[in-house]
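Here's the structure we're looking at; comments come further down.
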Amino acid sequence: MTSPIRLVAGFFTVGAWTLASRVLGFVRDIMIAAFLGAGPVAEAFLIAFSLPNMFRRFFAEGAFNMAFVPMFSKKLEGDGTAEAQRFAADALSGLAGILIVFTLLAQLAMPALVVAMASGFLADARFDMAVDFGRIAFPYILFISLAALLSGVLNAMGRFVAAAAAPVLLNLLFIAALAVGAALGWPLGATLAWTVPVAGIAQLALLWRAAERAGLRIRPHRPRLTPELRRLAVIAAPAAMAGGVVQINLLVGRQVASFYDGAVAWLNYADRLYQLPLGVVGIAIGVVLLPDLSRRLRAEDTDGGRHAFNRATEFALALTVPAAVALVVVPGPLISVLFERGAFTADDSAATALALAVYGAGLPAFVLQKVLQPLYFAREDTRTPFYFAVVSLVVNAAVAIGLSYSLGYIAAALGTTLAGWAMAVLLWVGSRRMGDAAAPDDRLKRRLPRMLLASALMAGVLWGLESAMSGLWDDPVLRVPALAALVGAGMGAYALASILTGAFTRADLKSAVKRG
């Protein structure tokens with residue numbers, strides 16, 4: 001019998017490392033914006049880098065791992081480490097075989113893939129650059145997908161540090177490459193593209209070593225279709241289709257943006273900023289909650305599963321609702337202070353800030369998806385989320401394409417946000433048939449309205465301070481400390497309001513960590 005996962009402690013472990021990665025990711029994006037702005041080289045690289053990342057979510061964190069982690073967790077709980085290790089080796093070998101073939105085919109089909117991502121590039125030099133950068137960067141999918149499988153193995157064992165720390169390597173290597181490339185006069189687009197597969201190899205090496213230190217010697221071998229892998233494929237297929245739908249959603253947004261000069265970069269920078277709270281909270285919950293629920297279901301621990309689900313929901317909303325409010329209320333100072341320098345102009349800041357506010361309105365929905373989806377995946381139900389994803393695709397396409405003629409590039413952000421809320425609502429409604437294990441408890445019902453009230457009070461503080469500090473955002477010396485003061489005041493206001501309204505207390509947090 002394996003030891004139980006300490007749920008809230010796991011959230012904070014993964015969240016802390018993810019925060020470090022996202023902060024370094026901001027440094028990376030600030031450097032890209034400063035050196036390349038929203039120009040053609042930046043847009044070509046961003047499309048090229050999005051290609052392996054799109055399929056990575058499809059193969060790794062998406063369909064494959066959503067099916068693999070519950071099966072591995074249940075084997076670990078019921079059959080022991082040796083059987084779980086054998087299953088992991090079979091899965092890794094099968095995934096590697098598929099991805100090697102897929103990577104080779106993608107090299108041949110790269111022009112078509114770029115057209116599928118950004119057909120607006122066909123009319124100018126961005127297209128050839130994106131094809132060249134895409135061919136260099138695409139092998140990243142092989143390394144990062146195998147790394148994601150090893151992350152799933154480690155997370156199922158309650159070992160979160162290495163898996164959460166691995167993305168830090170990617171951003172450190174990007175920062176180093178930009179600094180060295182700029183100093184030596186290298187072409188920065190190609191420099192960034194070559195850094196992508198190098199970072200994938202580094203992440204895979206780190207996680208392979210961590211798995212060995214955890215006592216798992218997972219060795220690739222000639223792929224073979226065992227009965228367990230057949231079952232894995234059956235479970236993963238609907239999740240793969242759901243992942244495909246999610247990627248089509250992203251494609252719709254990029255296609256719309258590609259017809260507006262600079263919009264690909266504006267949406268990317270806005271996406272990076274709202275991905276900070278989404279990554280820190282959403283990834284932490286998704287990583288920790290799925291193996292925990294899977295093991296509790298195996299042990300028929302309904303009360304424990306309900307507690308885990310409710311505390312994950314509480315943790316998610318306590319952090320993301322105020323973050324969403326801040327992104328909606330003060331997007332201008334955030335973007336201008338963080339990105340407006342060098343080739344990134346005031347017009348770029350204004351366009352990016354508008355996208356950020358729209359994305360911010362969808363932040364709670366995207367995090368709630370991370371909480372609700374494990375309820376289905378832990379039960380090996382990947383079909384229902386697929387059907388819901390199809391509905392969200394229709395919503396996204398209708399809004400992004402239908403409103404692009406009147407709203408321009410911002411229709412892509414609006415489509416993403418509304419599709420996110422559609423998916424979250426459908427997942428919530430669908431979970432009602434799961435009984436007590438997915439039911440809100442009294443503590444969550446009591447605290448949710450108090451979190452909303454605390455966030456509303458914080459919004460008033462932020463709005464007032466932004467207006468009072470309006471003359472500081474263009475000051476080259478004072479704007480950084482002004483933003484730090486604004487963010488600090490917002491955090492302080494939310495913390496004070498939360499305590500006064502009873503949204504949460506320090507005692508609750510300590511208790512949750514002990515019980516986790």
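The values are calculated or read from the model by the stated rules, or taken from the named source; none is laboratory data. Nothing here was measured: the structure is a model prediction, and the numbers come from that model. Glycine also receives a Cβ, built like all others from the backbone with ideal geometry; neighbour counts cover every protein chain displayed.
Just a few scattered comments:
- Inclusion of L448 among residues that are assigned to a helix (DSSP H, G or I), surrounded by 15 or more Cβ atoms within 10 Å (Cβ to Cβ), at pLDDT below 95 and over 23 Å from the mean Cα position of the chain (by Cα) is warranted.
- Consider the range 195-228 and keep the residues that are small (G, A, S) and assigned to a helix (DSSP H, G or I). The one that is nearest to F174 (Cα to Cα) is A199.
- Considering (1) of a type in the set (D, E); (2) loosely packed, with under 12 Cβ neighbours inside 10 Å; (3) touching a residue at least 40 places away in the same chain (Cβ under 8 Å), the lone condition that D474 does not fulfil carries the number (2).
For every residue, the table says whether it meets (1) more than 27 Å from the chain's Cα centre (by Cα); (2) in a helix (DSSP H, G or I); (3) within 30 Å of A270 (Cα to Cα); (4) at pLDDT below 90.
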{"position": "S406", "(1), (2), (3), (4)": "yes, yes, yes, yes"}
{"position": "L414", "(1), (2), (3), (4)": "no, yes, yes, no"}
{"position": "L483", "(1), (2), (3), (4)": "no, yes, yes, no"}
{"position": "A507", "(1), (2), (3), (4)": "yes, yes, no, yes"}
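- Where L403 falls short, out of the listed (1) touching a residue at least 40 places away in the same chain (Cβ under 8 Å); (2) over 30 Å from G488 (Cα atoms): (1)
- Subset tally (residues that are crowded, with 19+ Cβ neighbours inside 10 Å and either of a type in the set (F, W, Y) or in a helix (DSSP H, G or I) (or both)) for the range 111-132: 10
- Cross-chain or 6+ apart pairs with Cβ under 6 Å, the range 418-443 first and under 17 Å from A316 (Cβ atoms), then assigned to a loop (DSSP other than H, G, I, E, B): G420/G362
- Screening R224 with (1) more than 20 Å from the chain's Cα centre (by Cα); (2) at pLDDT 90 or above; (3) within 30 Å of P385 (Cα to Cα) gives one miss only, at (2).
- Verdict on L105 being in a helix (DSSP H, G or I) and at pLDDT 85 or above: yes
- Of the helices (runs of 4 or more DSSP H) lying entirely inside the range 274-347, those containing at least 2 residues that are surrounded by fewer than 24 Cβ atoms within 10 Å (Cβ to Cβ) and at pLDDT 75 or above span 302-329, 331-339.
- Residue match in the range 181-190 (condition: in contact with a Leu (Cβ under 6 Å, 6 or more places away or on another chain) and either under 30 Å from T352 (Cβ atoms) or surrounded by fewer than 15 Cβ atoms within 10 Å (Cβ to Cβ) (or both)): yes
- Qualifying residue in the range 29-45 (condition: at pLDDT 75 or above, within 21 Å of A162 (Cβ to Cβ) and of a type in the set (D, E, K, R)): no
- In the range 459-474, the count of residues that are more than 26 Å from the chain's Cα centre (by Cα) and more than 30 Å from G332 (Cβ to Cβ) is zero.
- Among the residues listed as A82, A89, the single one being surrounded by fewer than 21 Cβ atoms within 10 Å (Cβ to Cβ), modelled with pLDDT under 85 and of a type in the set (A, V, I, L, M, F, W, C): A82
- Once the range 378-387 is narrowed to residues that are crowded, with 24+ Cβ neighbours inside 10 Å and of a type outside the set (S, T, N, Q), the residue that is nearest to the chain's Cα centre (by Cα) is P385.
- Enumeration of residues in the range 354-364 that are crowded, with 24+ Cβ neighbours inside 10 Å and of a type in the set (A, V, I, L, M, F, W, C): A355, L356, V358, L363
- Qualifying positions in the range 133-164 - modelled with pLDDT under 85, surrounded by fewer than 24 Cβ atoms within 10 Å (Cβ to Cβ) and in a helix (DSSP H, G or I): V161, A162
- Beta carbons closer than 6 Å, at least 6 apart along the sequence or on distinct chains, pair a first residue in the range 375-397 that is over 18 Å from D436 (Cα atoms) and aromatic (F, W, Y) with a second that is buried (at least 23 other Cβ atoms within 10 Å of the Cβ) and modelled with pLDDT under 85 for F386/A242.
- Test result for G435, surrounded by fewer than 16 Cβ atoms within 10 Å (Cβ to Cβ) and on the phi > 0 side of the Ramachandran plot: yes
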